[in-house]
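K.L.:
Let me begin by handing over the structure; questions about it come next.
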């Protein structure tokens, strides 16, 4: 049965228009049109398939979410393709494989009622794996050389935009602190919400109108609260801090870590505001112990179990396009030691290795 209220054509067009406004200014008109049209085509095709699906019976919110996830990743990976230096004739086949992967993984994740954070994590893992596999295939067929393969593998527009967001939040914190100092504020005064710096992933609580993209704006209030949390963590033992950070979503955790490195952070927030935020943090901070699957011992064991199926040269070949820290984590774990990286990141690396067996 068709999904009532899901105008996938209008929704796809709306997403494409948003994408056009977020395109890198250094792109040519042809490159901008490629990214926008790729997003439009894949999101429209996915929306139509979901609309006509008679087996999984997705509701409106689920259809909107899946379609927008495809649109977001189509945006980021087509931007990566433009920047990669890969010849134009190979772009469409790569994007088709990525879009198909997203669609199938997303459908299964939402059909199984996987929690949204886990679903997005699984989708991201498979997108990145498909991206690297496509690039490696071009190299194996001698269609690109190793230097171009490494250049393409290093592209990640979604990571760049996330980093820009963190830097913008830090600047906003400094501006807010300066405003408080100049005007003698004793409590944080939230500013109007800023415009989002990247295509948002919807988190609908009520049925979502498909002609509108849900936006989760970041307020100064939240930024200052995370900064206060960073002050608190700077006074705690590192292992305890990591236990707490593992309970936060990756974006908030990254922001807290960024603020932990800011000098004289205490002086940038009004004392009364600090006390207010600390009281709220005490009530809401995630509790409990780290998941048994994310302990250092469990992650080391997973890597060691997989390594039994490879000799060192094969493992090095499988990891040839990964970042240095990823390779170091794997080979350190094989020796029974844990390289200090966030456990959730380590879990994704271990899963990638397990999938390659």
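Just so you know, all these numbers are worked out from the coordinates, no wet-lab data involved. Keep in mind it's a predicted model, so treat the numbers as computed, not measured. Cβ: placed from backbone, ideal geometry, glycine included. Neighbour counts: every protein chain shown.
K.L.:
Fewest to most neighbouring Cβ within 10 Å: what's the order for 158, 98, 123? Show your work: numbers first, answer last.
P.N.:
Values: 158 19, 98 27, 123 22.
Fewest-to-most ranking of 158, 98, 123: 158, 123, 98.
K.L.:
Can you put 351, 228, 28 in order of Cβ neighbours within 10 angstrom, beginning with the fewest?
P.N.:
Working: 351 17, 228 24, 28 9.
Ranking 351, 228, 28 by Cβ neighbours within 10 Å, fewest first, gives 28, 351, 228.
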